[in-house]
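Remarks on the structure that follows.
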Amino acid sequence: MASECNRPGKDALRERLYELMNDEDRLVATKRREALEVGTAFLGVDRGRITRVAGDDTLEIVASVGPAADALGEGAKIDRETAHCRRPIETGSTVAFTDVGVEDPAAGRNAGRYLGVPITVHGETYGTVCFFDDDPEAEPFETVEKLFAELVARLLGREIEANEYEETIDEAGRARERSEQKHRTLLETAPNGIVLADVDTGEITSVNERMTELVGRSREELEGMRVFGLHPAEERQRYAELFARAGGRERRSRFDDGDQLHVERADGTKLPVEISANTVELGDRTIIQGVFRDITDQRRRERELERNQRFLERTQEAVDLGGWEIDATTGALRCTDEIHRIYGLPVDEELTLETALALFHPDDADRVGEAYGRLVTEAEPFDVEARLIAADGQRRWVRVIGGPTYEDDGETVASFRGVTKDITERREREADLRMKNRAVEEASLGIFIAERADAGGRLTYVNEEFEQLTGYEAAAVEGRPSSVLEDGAVDGEISTEIAAALDGGGARERRLLLRRTDGTSFWGELTVTPVGSGADAADHCVGFLRDITPVKRRERLIDVLDRVLRHNIRNDMNVIGGYASTIADRADGELARMGEQIETTASALTALSEKARTLEETMATPTTPEVRDVTADVRAAVERLRADYPATEFVVDVPKECRAVGTDRLERALYELGDNAAKHAGGAPVVVTVDRTDDRVDIEVSDAGPGLSEQEQRVIESGRETPLEHGQGLGLWLVNWIVTGTGGDLAVDADDGTTVTVTLHAGADAPEAVPAEYYRQAALGTRAD
């Protein structure tokens, strides 16, 4: 019943009741019957009666509607003691029954439910107005229904009073009194606030109870007040001008500029209202009647609607989604602002279906147009993705979804509605992903992905190169634990590295001797990197496997040759040097000089062998750059140089402290530069300086000698040699590798003497450790500069 009481039409029935009861031209009998018809419609019953007390034990039916009207119609007499109507008369109040189950002469049959209200005329009980039906399962009457029945009784009582009074006065007096009586009736029963005011002075002469509730003032306070005094003081002139200009019959809730109309309550608060005003003739008087409707709830709903609309617009903008609707009758297209943005059009520009379809890519336009055509002609829903060339020149991918909406009958198409979403970013991501997937599949190194599982890791993907390297097909390992790689085909250390990476061990790098499924072996360089948001453990890891068998063989060959050559050079050169020294001591003249030359050359080759060993040790041990005091390295290097070259003057100009990014090998690099300068200075001083700027530290080693050869300059600046020059300038190679390994740089100026500048980063965080592989690649000539 709750939904019935609030369904659309109740307000219209209430207004209909007021209208017919206020119609001066309607006969009293007609008003009674129509009032009953309105009541039965409002209450959802099929019978209505008006009775009059005709004696102590008799009731007379004065009006009747419904199926029983013919059996017991107007003028019929019934026993008061057996009629349900006696209860409202006896109690003087509203009476309601459900599932009565007792025959009522007024009903002509058993009543399922009954609602009766006494009618009072001149303070005495006149009779009753009652409504009933024979549905035993009907719900009880609700409060709002009882109140409506009471309203009908009250209006009927006043109509009867007016009718009886008219019969006692002359025709002119009856008309004036009836009009005023009706206004009083409407004034008191109207749901809105009503104000009556003098047409000349604007002074309020009467208000109804509802108006006192709206403004929080008594009748005494309001009557005598000017009508515009109901509004805020600072806006009263605006109200006077508004109604003088526009008249009052039109209902208004806002000024012409959109500002809300208000009345001011006694406590100073403002109440939003809708106002209408017109002149009314009451007998020989003309008055202004103003109607004030409280629209607080309406404004709240409007504000909520506006908030929802703004939220919808922001949501559509955030997700690049716009809505559209095509009227099934007119074909007119209506769409949201986001649709205009997607199509590259101003929001205020009209968009037609033809214009929208014309903006699709030529290769997609026919397909989209056909989808719209089937929607409009056959009500067939569609979902398409297509390219769009927007009016602003932007190219976009869009997804368009559309379908029909129906009238209440479920068959007639009312409109065609849908959404258009900008999917450009998604399409670009998909294309980028396809490209990356292809790159991974066609990569020249094996790639695999593993996820965390109960026992270590589980392989989820391997590329084609991994299959070629290991002999395992993807179908044989994907979805299985990484321990599957231990089944005699690949060294189990791979699954060990996967588990370690997933358990928070960080990136793993190893060189492993592996076996393929066919039993052949190969050297693999394995890198496993964890992927995930956890600090202690990863969700996934990605691995890279490269066949380095040729590199490993070359390294081993170089190691063997290096050991053999250095051992032979050191031993044989010692023998040669000994014989040369003996020859030089025992011989004279040219032969003695030749012996000395042989001894010098043998010593140089031995020294070269030792330097090569130092270089090998430097390459083999990783180093970690750090921010350190480089002046300490400079002083330590110079101290050694002064000990080795006592005849050479070393001039040092350095600050007390200077911090830069370097390693403990920086001292060795500076020693090599000083050693080279002392050998070529020709007795001139060697100058060492340190200078710092905001982001760099420059260490200069200078001498006034003949300068470095082009070959030596190349060694310092690039760290590279041609095959014919191998073995020369190993110390300078070492300088290049040490400095560049910390992220530093080298420069040579040999125009006037030689100045070598070592540039280091100042005050920056130390870069990552430089691995031994850096030096191995340099030795093999494969390092990219």
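The values are calculated or read from the model by the stated rules, or taken from the named source; none is laboratory data. Everything numeric here is computed off the predicted structure, so don't read it as measured data. Note that we place each Cβ from the backbone using ideal geometry, even for glycine, and neighbour counts take in every protein chain shown. Calculation scope for accessible area: heavy atoms of the full protein, side chains included, ligands and nucleic acids excluded. Shrake-Rupley method; radii C 1.70, N 1.55, O 1.52, S 1.80 Å.
Among residues of the stretch 251-280 that are free of Cβ contacts under 8 Å to residues at least 12 places away in the same chain, those with a beta-carbon under 7 Å from a residue that is open to solvent by less than 70 Å² (accessible area, probe 1.4 Å) and assigned to a strand (DSSP E or B) at least six positions away or on a different chain give the pairs 254/260. Can you find a residue in the stretch 200-215 that is more than 23 Å from residue 286 (Cα to Cα), hydroxyl-bearing (Ser, Thr, Tyr) and loosely packed, with under 15 Cβ neighbours inside 10 Å? No, there is no match, as no residue in the stretch 200-215 is more than 23 Å from residue 286 (Cα to Cα), hydroxyl-bearing (Ser, Thr, Tyr) and loosely packed, with under 15 Cβ neighbours inside 10 Å. Of the residues making up the stretch 404-449, those that are more than 31 Å from the chain's Cα centre (by Cα) and open to solvent by less than 40 Å² (accessible area, probe 1.4 Å) are 414, 443, 446, 447, 448. Taken together, the residues in the stretch 118-152 that are part of a strand (DSSP E or B) and over 60 Å from the mean Cα position of the chain (by Cα) amount to 11. Among the numbered conditions (1) surrounded by 17 or more Cβ atoms within 10 Å (Cβ to Cβ); (2) modelled with pLDDT under 85; (3) polar (S, T, N, Q), the only one that residue 64 does not meet is (2). Within the stretch 547-571, being more than 20 Å from residue 522 (Cα to Cα) and either surrounded by 14 or more Cβ atoms within 10 Å (Cβ to Cβ) or at pLDDT 75 or above (or both) holds for 562, 566, 569, 570. Evaluating residue 525 against the criteria (1) at pLDDT 70 or above; (2) outside any strand (DSSP E or B) leaves one unmet condition, (2). Being among the acidic types (Asp, Glu) and at pLDDT 85 or above is a property that holds for residue 257.
Let's see how each residue does on (1) touching a helix residue (DSSP H, G or I) at 6+ places or on another chain (Cβ under 6 Å); (2) open to solvent by less than 90 Å² (accessible area, probe 1.4 Å); (3) of a type in the set (Ser, Thr, Tyr):
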{"position": "221", "(1), (2), (3)": "no, no, no"}
{"position": "236", "(1), (2), (3)": "yes, yes, no"}
{"position": "241", "(1), (2), (3)": "no, no, no"}
{"position": "260", "(1), (2), (3)": "no, yes, no"}
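Are any of the residues in the stretch 74-91 in a loop (DSSP other than H, G, I, E, B), touching a Gly at 6+ places or on another chain (Cβ under 7 Å) and either at pLDDT below 90 or more than 24 Å from residue 15 (Cα to Cα) (or both)? Yes. When the stretch 694-710 is filtered for residues that are more than 7 Å from residue 753 (Cα to Cα), open to solvent by less than 30 Å² (accessible area, probe 1.4 Å) and either modelled with pLDDT under 80 or in contact with a helix residue (DSSP H, G or I) (Cβ under 7 Å, 6 or more places away or on another chain) (or both), the ones remaining, listed by number, are 697, 699, 701, 708. Candidates 637, 632: the one that is open to solvent by less than 30 Å² (accessible area, probe 1.4 Å), modelled with pLDDT of 90 or more and out of contact with any Pro (no Cβ under 7 Å at 6 or more places or on another chain) is 637. In the stretch 92-117, what count of residues is obtained for those that are under 20 Å from residue 142 (Cβ atoms) and either assigned to a helix (DSSP H, G or I) or at pLDDT below 60 (or both)? Matching residues across the stretch 92-117 total 2.
For the criterion of being open to solvent by less than 30 Å² (accessible area, probe 1.4 Å), modelled with pLDDT of 85 or more and either outside any helix (DSSP H, G or I) or not aromatic (Phe, Trp, Tyr) (or both), residue 618 fails.
State yes or no: is residue 388 open to solvent by less than 80 Å² (accessible area, probe 1.4 Å), part of a helix (DSSP H, G or I) and at pLDDT 90 or above? Here the answer is no, as residue 388 does not meet what is asked. Mind checking which residues of the stretch 45-57 are modelled with pLDDT of 90 or more and of a type outside the set (A, V, I, L, M, F, W, C)? Across the stretch 45-57, the qualifying residues are 48, 49, 51, 52. Residues that are over 18 Å from residue 293 (Cα atoms) and touching a Lys or Arg at 6+ places or on another chain (Cβ under 9 Å) within the stretch 199-233 comprise 199, 201, 202, 203, 225, 226, listed in sequence order.
Pairing residues of the stretch 342-357 that are more than 17 Å from residue 422 (Cα to Cα) and part of a helix (DSSP H, G or I) with residues that are among the hydrophobic types (A, V, I, L, M, F, W, C) and open to solvent by 40 Å² or more (accessible area, probe 1.4 Å), at Cβ distances under 6 Å and at least 6 apart in sequence or on separate chains, gives 353/333. For the stretch 668-693, the set of residues classified as at pLDDT 90 or above, open to solvent by 30 Å² or more (accessible area, probe 1.4 Å) and more than 15 Å from residue 754 (Cβ to Cβ) consists of 691 only.
The number of residues in the stretch 12-37 that are under 16 Å from residue 158 (Cβ atoms), open to solvent by 80 Å² or more (accessible area, probe 1.4 Å) and not in a helix (DSSP H, G or I) comes to 1. Scanning the stretch 733-747 turns up no residue that is part of a loop (DSSP other than H, G, I, E, B), modelled with pLDDT of 70 or more, over 18 Å from residue 668 (Cβ atoms) and over 50 Å from the mean Cα position of the chain (by Cα).
Restrict the check to the stretch 300-310 and report whether at least one residue is at pLDDT 80 or above, within 24 Å of residue 233 (Cα to Cα), surrounded by 10 or more Cβ atoms within 10 Å (Cβ to Cβ) and not aliphatic (A, V, I, L, M). Within the stretch 300-310, none of the residues are at pLDDT 80 or above, within 24 Å of residue 233 (Cα to Cα), surrounded by 10 or more Cβ atoms within 10 Å (Cβ to Cβ) and not aliphatic (A, V, I, L, M).
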